[in-house]
1. Looking at (1) within 29 Å of A:ARG206 (Cα to Cα); (2) within 12 Å of another protein chain (Cβ to nearest Cβ); (3) in a helix (DSSP H, G or I); (4) not basic (Lys, Arg), which one does B:ILE94 not meet, given that it meets all the others?
2. Within region A:185-206, work out how many residues are part of a helix (DSSP H, G or I) and either closer than 13 Å to B:SER26 by Cβ or at pLDDT below 95 (or both).
3. How about region A:55-90: which of its residues are away from chain B (no Cβ under 11 Å), in contact with a Gly (Cβ under 8 Å, 6 or more places away or on another chain) and of a type outside the set (D, E, K, R)?
4. Could you list, in sequence order, the residues of region B:45-80 that are under 14 Å from B:ALA22 (Cβ atoms) and of a type in the set (Val, Ile, Thr)?
5. Given (1) within 14 Å of chain D (Cβ to nearest Cβ); (2) farther than 30 Å from B:MET17 by Cα; (3) of a type outside the set (A, V, I, L, M, F, W, C), where does A:SER133 come up short, assuming only one miss?
6. From the list C:SER88, C:SER76, C:SER80, pick out the single residue that is of a type in the set (Gly, Ala, Ser) and farther than 24 Å from D:LEU39 by Cβ.
7. Can you tell me which condition C:THR118 does not meet? The list is (1) surrounded by fewer than 18 Cβ atoms within 10 Å (Cβ to Cβ); (2) of a type in the set (Val, Ile, Thr); (3) more than 10 Å from chain D (Cβ to nearest Cβ), and all the others hold.
8. What number goes with the only condition from (1) outside the structural domain of B:ALA242 (by TED's automatic domain parsing); (2) farther than 29 Å from B:GLU123 by Cα; (3) of a type outside the set (Ser, Thr, Tyr) that B:CYS347 does not pass?
Amino acid sequence: MTTPTDFLLWVRGPGFDIALVVFILGVIIRLLEVLVLGRKHDYSEPRGGELGPGLKTVVTRTLPETGSFKRAPFTVIGGYIWHIGFFISLFLFVPHIELINATLGLSWPGIASNLVDAVAAVTIVTLIAMLFSRLTHPVKRYLSGPEDYLTWLVTFLPMLTGYLAYHRMIDPYPLVLGLHILSVEVLMIVFPFTKLMHAFTFFIARWYNGAMSGRRGVQS
Amino acid sequence: MSGATLERGLNAFREQMNAPIASFFSSCVNCGMCAEACLFYTETEDPKYTPINKLEPFRRVWEQEYTLWGKLKSMIGLTEPVTDELLAEWEELIYDGCTLCGRCSMVCPVGNDISYMIRRAREGFVAAGYAPEGIKGASRRAVTIGSPMGVKLPALQAQIKHVEADTGLTIPIDVEGADYMALLSSMEIMNFPEYLEALGRIFKQAGVSWTISSEAFEATNSGIQIGSSDIARVLVSRVVSAAEKLKVKYVISPECGHAYTAIRWEGPNLIGRPYDFKVVHILELLDELRASGRIKTEGTEEDRLTFHDPCQIVRKGGVLEQPRNLLEMVTSDYVDMTDHREMNWCCGGGGGVSANERAEELRIKVFKRKKSQLDELNVDTLVTACANCRLIIEEGLEEYRMEMPVVGLTEVIAEHLVEDKE
Amino acid sequence: MQKLQDIAVRVESKDVPLNHSNATPILHEIHHALQRLATQQETTTIDLRAIPFGPGDEEDLLNRLGTGEVQIELDSLGTSKLWETAFSGVWIIDHRNAEGERVALQIEVTRVPEIIQTHPDDVTDSLQLLDNQLNPNRTETSGLREE
Amino acid sequence: MADHMKRFRQTLGESLRERGVSRRGFLKYCTATASMMALPPTMVPAVAAALEKAKRPSVIWLSFQECTGCTESITRSHSPSLENLIFDHISLDYHHTLQVASGDAAEAAREAAMHENEGKYLVVVDGSIPLGNPGFSTIAGISNLQMMEETVAGAAAVIAVGSCAAFGGLPQANPNPTGAASVSDIVHDKPVVNVSGCPPIPTVITGVLAHFLTFGSLPELDALGRPMVFYGQSIHDRCYRRPFYDKGLFAETFDDEGARKGWCLYRLGCKGPMAYNACATTKWNQGVSWPVESGHGCLGCSEPDFWDAGGFYNALSIPDSDIIRNAGIVTAAGVALGAAAGALNRSTRAKAAAKHETVTIDDLDRKS
């Protein structure tokens, strides 16, 4: 018999275990695939350090370069809104903190649910706008392939189902909650095989960029 | 029989893979921001010039051979292979449509150093035989004759004679044990001999012990531009052995962008060991002489001036403060372009584009970026520190009918040099 | 053996709320209802069973409404209490069954609660009743003869 | 018996008037009934008009695999009290726990009621029906399944009272030894109203009966067959402690400061967010209190499979596996596999380097 509660129990039980295994395994393999490659020793005499400038770039690349920001304000602002919105929804929504507390024992204060709700609504709208931009902006449309749309979808669905679950727009509740958890599991499973990996590798990429540049005496 | 093949190209791509590149490809989310930093996109608005797109063949090799997931996808036929057709199509993007200026690497939100990857991707293109005829020819001349422009020793000797006659200076050749060995670019020898004269005057005044090697005076390195480390190694080795033979302490890289990259940053890695000498850029040396009081200047330029930062010397070379310190000495009406220093826009002729005749039309088109930067400022004179930039800018100004002298910074310093009367 | 005074006593926190602030929205609702009564003669009934009161909320609401000058007891199927609050026109109707258990608690914003007004049929019935008492000999007649 | 039949033919209005209930009493009765049915006060006149003409339906109450908790609950229903309900609202013709008759006489009463009210009577079922072995639960030698099928055949509708009848409940909990099934698993050709809860709120049971009596129809149902008026909103949405949830104020244990201050019980496993029921407004024991007000989280007893929903004291959305342990194992495996994948990458590159043929100026053109 398959009831919504069975479904919920499956997604938060075996479903979550499967997703977690794929996610952790995939992410670690992907990271090691990158890191183990290493790079050759650089014999040129350095002008500056690597570690400091590398770490600095990891932080400073969060801010856009003025000129390109002016040329593509939508991409930058949209990117900010949806990333920040996603993180607020993910990490400051009380039930999510509860989940992390119950599973990992880490806890921090959340913010009012209705505030998260408003943020989520803005994030969802922004994601839709970002998709529209991807479909219409000449560069983004040119660059985009199926993977870009897949990653958009698997990022969008947890936001959407989360919103639907919070507002109980689908009945019964265990079904919509289960769909929400399932969508997160789909995100976790797709994550290591797609450019969603940037969430981890951007640290490495920015560091190398900053380090290679810093070695030449330029803060990138 | 030797020759380029697809297999050799693919092999070269494989060889070039390392952790930075793998992290860059893993991180790209196709946000398109790099396009906004690239003059080939901003001036043509053709999305194919989006920097990250120029790496598609290299990216495929990474995905299909350096990720487990990509290997699986290849097995079930979900990936597209790198073919001769693909490389032929992309040749134009990676050679004609990129000057290796590295501006995109400064704006990528995830931190991808795209120009670093393009330099490495060119290794694959060369090995597969997809390099523009112009750069191939330059490379052949560089290896066989010693200069991409075909400048031989007698030509240099003739210029030296001119300079010596004009100034009464002696340009030292093959002086063993000199502190500094100066290199020149072919363009400086042929188009801008003022540079050689300036060096002679400044070094004499500062009491710098220097020399030029008759065996390796050429600073440029077509191997770097075409993207072949093997060819670059041959060329750089000549400089290294000459410098070591003359037992100099320093080698001076001239006012040439990619020469600095070749000798300063890539050279030791090409020969696989550190040098016995140090490499300094002429502007670094001049600034040192200025700081230590060994050279002094008098008077300032009357003109309203700006400085074009050569990408390879400034953004990718780290010679950031020196040009401005020197300019401050000799200018009274100096103004910076909106985007300057490490965010400056390329002249459009770097990275081998200037040697690639078929790219000329595109190069002229993207020069509009520099033109509009200059239009904003209303300056009389443009100073730069790269003979290639200088030539490209002169051509561009002429094309767009703009009257503006373009001068080398070293010459400007020499003009204001306070010289002891003998 | 532990003595009673040895057992640690924890003092209850003083900031435990006495109610859960659900009275205020109801008071606002009553405010609107009074406006409607004043301007359009429209009456309103609020069923307090439909309100998710926390502990103390009901007491808080009734205290804030206070007691006015009219109190009525209705004796039918158990004793119900009705009273006008300190706010004229706002009535509390507390229906109880024969066992004294509450079967409904309502606020009626009206001049006189509906249930207090005599039903027209009851008026005719009582006329008949009184008629019968005054004329015990007449049988099949009624006080509505003139009809 | 004659008196019984007479009262059965009478309308409710007639019957009440005969018992001396005044018009005010009737209005009070209707007000209470409307409130019980969770109808807005404006509906009182409609309820009054309907009740005036309503005829008492015959009700047959079948108890199967149950604990009698549902019957205990309905006997605690107030407004109207049980006596009112049985004698005024409905004609409870068979209920083997409550009726005086027993054995053959009881069964005869059931058959008589079925016969007399063919197509019009209501069947109330509490308890689940074992499909595993008919012998698991019998009444007067008749298996539960047989009795239900027989009784439901001529009914107007079936009301499944309690989570056992509605969804299988405790008997159906994993591993479901008796093969317990809900009413709606078996009955497909009659309307089934699920009045879930373990037990259901007494006034919710009587409210549904009153609705049928008043309007002669079944109330609007949700996706799980439950009356919307009572099950339309979640406990969480109507909970007076909801503001604490929104502020992130939670009791961590049942005796901490938060618990004393009446903070949200989500962390203690409250199933309020998934439970749809009227507890937060109707409350229990004549409106005295309800579980959350008493300091214990909601068990979600009105929901299917609530017994198996991962523990009463575990929050709803939280995975039940040992994440840290699993993640540890997987991380170790990932490091091993990742190191292998990395080594493979290095070997790919080393092989390419070994295959490297020096590019000379004679190699710049493609082999033709």
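1. Answer for B:ILE94: the failing condition is (2).
2. Count: 15.
3. Result: A:LEU55, A:SER89.
4. Correct list: B:VAL61, B:THR67.
5. A:SER133 satisfies all of (1) within 14 Å of chain D (Cβ to nearest Cβ); (2) farther than 30 Å from B:MET17 by Cα; (3) of a type outside the set (A, V, I, L, M, F, W, C) except (1).
6. Answer to the check: C:SER88.
7. Of (1) surrounded by fewer than 18 Cβ atoms within 10 Å (Cβ to Cβ); (2) of a type in the set (Val, Ile, Thr); (3) more than 10 Å from chain D (Cβ to nearest Cβ), only one is false for C:THR118: (3).
8. Among (1) outside the structural domain of B:ALA242 (by TED's automatic domain parsing); (2) farther than 29 Å from B:GLU123 by Cα; (3) of a type outside the set (Ser, Thr, Tyr), the lone unmet condition for B:CYS347 is (2).
The values are calculated or read from the model by the stated rules, or taken from the named source; none is laboratory data. Worth saying up front: this structure is predicted, and the values here are computed from it rather than measured. Neighbour counts run over all protein chains shown; Cβ positions are idealised from the backbone, glycine included.
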